[in-house]
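Beneath this line is the structure, given in structure tokens, with notes to follow.
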Amino acid sequence: MDKQQLASTIWESANQMRSKIEASEYKDFILGFIFYKYLSDKELRFFKSKGLSEEDIKKVNEADEKYADYVRKNLGYFIAYDNLYSTWLSKGGDFEIANVRDALSAFDRNIDNVYKKVFENIFKTLSSGLSKLGENAAKQTRAARSLLNLIKRIPMDGSQDYDVLGFVYEYLISMFAANAGKKAGEFYTPHEVSVLMSEIIAEELKGRDKIKIYDPTSGSGSLLINIGKAMKRYIDSDNKIDYYAQELKENTFNLTRMNLVMRDIKPANINVRNGDTLEEDWPFFEDGRKDSTYTLVKVDAVVSNPPYSQKWTPKHKEHDPRYKSYGLAPRGKADYAFLLHDLYHLKQDGIMAIVLPHGVLFRGNTEGEIRKNLIEKNKIDAIIGLPANVFFGTGIPTIIMVLKHNKKTNDVLIIDASKGFEKSGKSNKLRSCDIRKITDTIRDRVSIEKYSRVVSKEEIRKNDYNLNIPRYVDSSEPVEKYDLYATMFGGIPKVELMELSDYWNELKGLKEDIFKTEDGEYFYLNNENLHQIIQNHSSSQKYLERYQNAFSGFRQTLTEDLIDGILDVDIAQEREKIVKDIFDRLDDVNLVDKYKVYQVFADNWNTTEADLEMILDEGFDTINKVDPNMVIKKKKEDDEEVPEVQEGWRGRILPFELVQKNLLKDEVEEIKSIKDRLLEITSEFGEILDSLEEDEKDGDYVKEDKSAFVNGEVKKYIKEACDEIETDEIKILNGYLELSKKAEKEQYIKENSTINWDLMEKGKSGNYTKTEINKRIAKIQQTFDFEEDSLEHKLQKVVFLIEEESTLKSDLKTKKEELHLKTKDLIESLDEDTSLDLLYKKWIEPLLTGIDELGQKVFLTLEGKIKTIYEKYAKTFIDIEEELKQTQEDFIQMSNKLKGSEKDLAGIRELQKLLEV
């Protein structure tokens, strides 16, 4: 299940639960049940790994103290069979809300002492909130059962390329914005910002064998999780990363613990505390025994996204070792208090990254003094200005500040990344290419025009320690200038044309073929067919050839690594290998931004990575697996149960559409032709409707809003029109219907042999039935040739189209169902070579196509830039003046024809005088 499918599933369930649960509290139920299912499933896997049969598992209970203790020692907790999530589901209609209450109560007493810091009271929010699911036990049971059925579909095996709990949390916070409150963003760091911070940290720590990382305002725990994931590229074992986390709010503290456990981090590596970071220095001490257990813990990396400009109490903290060397943050703004706490726990060779409001860069008084001390002590390594609206719930401009104790340089790298994002609803979101560009800029410590600058300490001193980003990096768009001569007489000024010098240097001779000039200062288009000149120019063709040659052998390399060696891929290392290969190939290529190429890669790699993880985890055969496509149907009433139903099948790895496109082309084309004809019919309906006179549209056969025909009424109208026309054949057939005796009918047939009676079937009595006679009459009526422009002729055509449309829709449904089942059978029976070929088409072809298209876009971009400059001066001031004169003359001529009172005409004459001036 990818993010989009998960979001859809959650929102569907959330809407169904709205009548029972406050929107802002819904997340607490779903997150708690998700985690309980995770622990239950993990224990079931443990049982099976120890050789327990299904019958053995059903006997597991607390009464077997020895075995329960054995499980606790291994997992840190014990859940009896009766309390397992899967057992709740198997109860069906016998499930009761009391089962959940009993299970959560039992969980707390079955935690191993060593693991209490990880699991104790972790379900407190869920347990205390169960009564909110309904006003009585029956309604609570129904609501809980709906949640259980939803959650059984959510992936939680830790193999997803995203933080499942964190994503659910962020998604629900954003969707329930009104209830969650504007401060919701304070305890969740968007995934993309979290990834950026983790990449900065991982680049610094990648040479270390074992590390400690710490988040003093951990929220959902996403920052720590993403650092752990990034470091897996460089550290083999999870046991080599120790996680420290502190969180003030109990609900989100529990979420931190859940999230860390669900990522299969060993409890021994988890150090968490529910407490106030600013009031009590931690890590590390044990609650209740601070004086005897306090030990200052220094870590390799600190990451945090503390609440912005929070009030705090600096009183009596002057001698706090965290702050005394730098100063105390003001009472109304704790931003620097959080920063100094982080810095205090950083090793001498460590690195920290903290999200802060933009104001910390320039606010004065005590904050200015702290900032000065940090700069003079050479602690600030880099400042990254983020785009607006990247954090949910706040539009406050934000930055990431990177700090170190032992910097190699005596300057500060300032990056203005505020322009690099994509829109995502009302928010902005960092793209993969934005994240990569920032991390590369920090690693290489380079100055890039309008993006980044390495600023000396001396320059910062001259600016009175003000670090406001625009003082050092001007990322604003240049003010548009207008050339006076070109405005008056036309032509493109040379200076503006040379702003495209990167193109002219690369595409030799193209400028001379596009433009002509007499004085070398102002240029005019040689030919209006700009597109054709650029696309077909020899320099363009040579450039495209060089660009394509840069990726010569890339297809083969990808095929060898990802397809031929599919079961030996190290996913993290392969990713970096491909990125390095792409960047190396682009070293000598101009005009194409390497980060745009990276974005094409990243967009495709997300799919490839998810598929590879599944194949490496489940085996090669998973490529040929199909799964039931389960959906939740909308319920009719609030308290009605919502069962899952199957709607066809879906490929676990291979999308049905991909298989159909490549292996079932004839069937796909047949369906396409039916769809095309249906579109044509819709268009024909519209044309006929438009051709009707206005009074004709008032008939019952047209909808009241005049938008479409009413099928039944159209058929009724034509039937009545046809019934008024009685041909000889219809007259004979109607005469037959008036007869009752068989002998009379037989004699009638002999006397009326001019029509072919054999076209109709006889009934059991040997006579032609009334139904058959009427069918024959209807067929005859269909051949009636009404006058071409008559209403009857048009509506008769509508009837024919209605019947054709009905037949086609039936055929379409049948053929779609047949194709769906044929695709399922085909995927399950694919041989190895065909399966791998389809993976090539899914993983590699889109990447190569996307890269190739970027080369083509160079010419379209140039064309657009030239058109913009050309149109800027295409209409001169003289042209505008002439147009204005002509408009005035036209108005005067028209106004001379106007009639009115003497006063009106006097007014018009005065207006004409003004226009003639």
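The values are calculated or read from the model by the stated rules, or taken from the named source; none is laboratory data. The structure displayed is predicted, hence computed values, not measured ones. Cβ atoms come from the backbone with ideal geometry, glycine included; neighbour counts cover every protein chain shown. Side chains included, ligands, DNA and RNA excluded: accessible areas come from the protein's heavy atoms. Shrake-Rupley method; radii C 1.70, N 1.55, O 1.52, S 1.80 Å.
Could you sort out which of Lys37/Lys124; Lys697/Lys794; Lys73/Lys240; Lys742/Lys764; Lys450/Lys594 sit more than 19 Å apart by Cα distance in this structure?
Values: Lys37/Lys124 16 Å; Lys697/Lys794 12 Å; Lys73/Lys240 21 Å; Lys742/Lys764 12 Å; Lys450/Lys594 17 Å.
In this structure, Lys73/Lys240 exceed 19 Å between Cα atoms.
Take every DSSP beta bridge with both residues inside the chain and express the antiparallel ones as a percent of the total, to the nearest 5. If you can, show how the numbers build up before the last one.
On the way: 35 of 56 bridges.
Counting DSSP beta bridges with both partners in the chain, the antiparallel share is about 60 percent.
Just check the range 570-610 against the gyration tensor rule for me: Cα atoms, a ≥ b ≥ c as the square roots of the eigenvalues, rounded for a/c under 1.5, and otherwise prolate or oblate depending on whether a/b exceeds b/c.
Working: a/c = 4.51, a/b = 1.68, b/c = 2.68.
Note, shape of the range 570-610 comes out oblate.
Just to verify a number: FRET efficiency for Ser105 and Glu376, C-beta to C-beta distance, R0 = 45 Å, to 0.05? Mind dumping the intermediate values first?
Values: r = 57 Å, r/R0 = 1.26.
After rounding to 0.05, the efficiency reads 0.20.
At Asp603 and Asn74, where each label point lies 7 Å from the Cα along Cα→Cβ, what is the point-to-point distance in nanometres?
Result for the modelled spin labels: 4.7 nm.
Which net charge results when you count Lys and Arg as +1 and Asp and Glu as -1 among the other residues whose beta-carbon is under 15 Å from that of Phe784? Provide the component values of the computation, followed by the final result.
Details: positive: Lys715, Lys719, Lys731, Arg776, Lys779, Lys794, Lys797; negative: Glu720, Asp723, Glu724, Glu726, Asp728, Glu729, Asp785, Glu787, Glu788, Glu792.
In short, -3.
Regarding the range 685-737, what whole-number volume in Å³ per residue does the convex hull of its Cα atoms give? Provide the component values of the computation, followed by the final result.
On the way: hull volume 5.3 nm³, N = 53.
Per-residue hull volume (Cα only) is 101 Å³.
Glu720 label point, 7 Å along Cα→Cβ, cut-off 20 Å on backbone N: hits in the range 686-705?
Zone members listed by number: 689, 692-705.
In the range 354-486, carbon and sulfur make up what percent of the accessible area (probe 1.4 Å)?
C and S atoms contribute 48 percent here.
I need the Debye-formula profile for the chain: one equal scatterer per C-alpha, no solvent, reported as log10 I(q)/I(0) at q = 0.06, 0.07, 0.08 1/Å, two decimals.
-0.67, -0.85, -1.01
Based on the alpha-carbon gyration tensor of the range 855-917 and its eigenvalue square roots a ≥ b ≥ c, which shape applies: rounded if a/c is under 1.5, prolate if not and a/b is larger than b/c, or oblate?
Note, shape of the range 855-917 comes out prolate.
Report, in whole Å, the centroid distance computed from the Cα atoms of the range 773-790 and the range 696-719.
18
Counting pairwise Cα distances across the range 245-321, what percent come out greater than 20 angstrom? Write out the running numbers ahead of the final one.
Working: 1215 of 2926 pairs.
Of the Cα pairs, 42 percent sit more than 20 Å apart.
Along Cα→Cβ, 7 Å out, is where each label goes; now give me the distance between the ones at Ser325 and His531 in nm to one decimal.
6.5
With a sphere of radius 12 Å drawn around the Cβ of Asp440, what net charge do the other residues whose Cβ falls strictly inside it have (Lys, Arg +1; Asp, Glu -1)?
Values: positive: Arg436, Lys437, Arg443, Arg445, Lys580, Lys594; negative: Glu199, Glu203, Asp434, Asp444.
With Lys, Arg at +1 and Asp, Glu at -1, the neighbours total +2.
Carbon-plus-sulfur fraction of the accessible area of the range 233-278, 1.4 Å probe, in percent?
Details: 660 of 1540 Å².
About 43 percent, which is the carbon plus sulfur part of the accessible surface.
Which links in Lys232/Lys429; Lys675/Lys797; Lys426/Lys577; Lys481/Lys857 stretch past 29 Å when you go from one Cα to the other? Don't skip to the end; give the middle numbers.
Values: Lys232/Lys429 25 Å; Lys675/Lys797 20 Å; Lys426/Lys577 36 Å; Lys481/Lys857 27 Å.
Correct reply: Lys426/Lys577.
For n ≥ 4 DSSP H runs only, could you compute -39500 (n - 2.57) per run for the chain, divide by its residues and tell me the 222 nm figure to the nearest 500? Each step should come with its number before you reach the end.
On the way: 38 runs with 485 residues, N = 917.
Theoretical 222 nm ellipticity from helices: -16500 deg cm²/dmol.
Among all the lysines, which ones have a C-alpha under 26 Å from Lys913's C-alpha, if same-chain residues fewer than 8 places away are not counted?
Lys885, Lys897, Lys899, Lys903
Kindly provide the Kirkwood hydrodynamic radius of the range 70-118 in Å, to one decimal, from all pairs of distinct alpha carbon atoms. Show your work: numbers first, answer last.
Details: mean 1/r = 0.0865 Å⁻¹.
After inverting the mean inverse Cα-Cα distance, the result is 11.6 Å.
I'm a student and want to see the number: the projected area of the Cα convex hull of the range 648-726, averaged over all directions, in nm².
Values: hull surface 37.1 nm².
Computed as one quarter of the Cα hull surface, the answer is 9.3 nm².
For the chain, with only Lys/Arg (+1) and Asp/Glu (-1) charged at the beta-carbon, what is the dipole magnitude about the Cα centre, in debye rounded to 20?
So the magnitude is around 4500 debye.
Which whole-number value in Å² is the accessible area per residue of the range 862-917, probe 1.4 Å? If you can, show how the numbers build up before the last one.
On the way: 4430 Å² over 56 residues.
Per-residue accessible area for the range 862-917 comes out at 79 Å².
Quick one: grab the alpha carbon gyration tensor of the range 800-872, order the square roots of its eigenvalues as a ≥ b ≥ c, and give me rounded if a/c is under 1.5, else prolate or oblate depending on whether a/b is larger than b/c. Could the numbers behind the result be given before it?
Details: a/c = 8.27, a/b = 1.47, b/c = 5.62.
It is oblate, given that a/c is not under 1.5 and a/b is not larger than b/c.
Normalising by the residue count of the chain, find the relative contact order in percent from Cα pairs under 8 Å and 6+ residues apart.
Working: 1125 pairs, mean separation 77.5, N = 917.
Rounded, it is 8 percent for the chain.
Just to verify a number: FRET efficiency for Lys742 and Thr807, C-beta to C-beta distance, R0 = 51 Å, to 0.05?
Values: r = 37 Å, r/R0 = 0.72.
That pair, Lys742 with Thr807, gives E of 0.90.
Quick one: if you stick a label point 7 Å off each Cα along the C-beta vector at Lys266 and Asp879, how many nm between them?
Result for the modelled spin labels: 7.5 nm.
Excluding Phe421 itself, what net charge comes from residues whose Cβ is under 11 Å from its Cβ, given Lys and Arg +1 and Asp and Glu -1? Don't skip to the end; give the middle numbers.
Details: positive: Lys419, Lys423, Lys429, Arg431; negative: Glu192, Glu422, Asp434.
Spelling it out: positives minus negatives among the neighbours equals +1.
Using +1 on the beta carbon of Lys and Arg, -1 on that of Asp and Glu, and nothing else charged, what's the dipole of the range 797-896 about the Cα centre, debye to 20? Write out the running numbers ahead of the final one.
Values: 15 positive and 23 negative charges, 45 e Å.
Roughly 220 debye, rounded to the nearest 20.
Going down the list Lys437/Lys872; Lys379/Lys462; Lys661/Lys842; Lys266/Lys407; Lys27/Lys290, which pairs span over 22 Å between their C-alpha atoms?
Distance filter (> 22 Å) returns Lys437/Lys872; Lys266/Lys407; Lys27/Lys290.
Quick check for you: with a 1.4 Å probe and neighbouring chains kept, what is the accessible area per residue of the range 264-394, in Å²?
On the way: 4990 Å² over 131 residues.
So the range 264-394 comes to 38 Å² accessible per residue, rounded to a whole number.
Using only alpha carbon pairs under 8 Å that are at least six residues apart, calculate the relative contact order of the range 733-800 and give it in whole percent. Provide the component values of the computation, followed by the final result.
On the way: 26 pairs, mean separation 14.5, N = 68.
Contact order relative to length: 21 percent.
Let me have the relative contact order for the range 551-707, percent, based on Cα pairs under 8 Å that are six or more residues apart. Spell out each step's value before the answer.
Working: 78 pairs, mean separation 20.4, N = 157.
It comes to 13 percent, rounded to a whole number.
Within straight cross-link reach of Lys511, meaning Cα distance under 16 Å, which aspartates and glutamates are found once same-chain residues fewer than 8 apart are removed?
Glu496, Glu499, Asp502, Asp519, Glu521, Glu528, Glu863
Skip the ligands, DNA and RNA, and give the accessible area per residue of the range 449-603 with a 1.4 Å probe, whole Å². Please list the in-between numbers first.
On the way: 8960 Å² over 155 residues.
With all protein chains present, the range 449-603 gives 58 Å² per residue.
Which whole-number percent of Cα pairs in the range 406-474 have a distance greater than 21 Å? Numbers along the way, then the final one.
On the way: 786 of 2346 pairs.
When all Cα pairs of the range 406-474 are counted, 34 percent exceed 21 Å.
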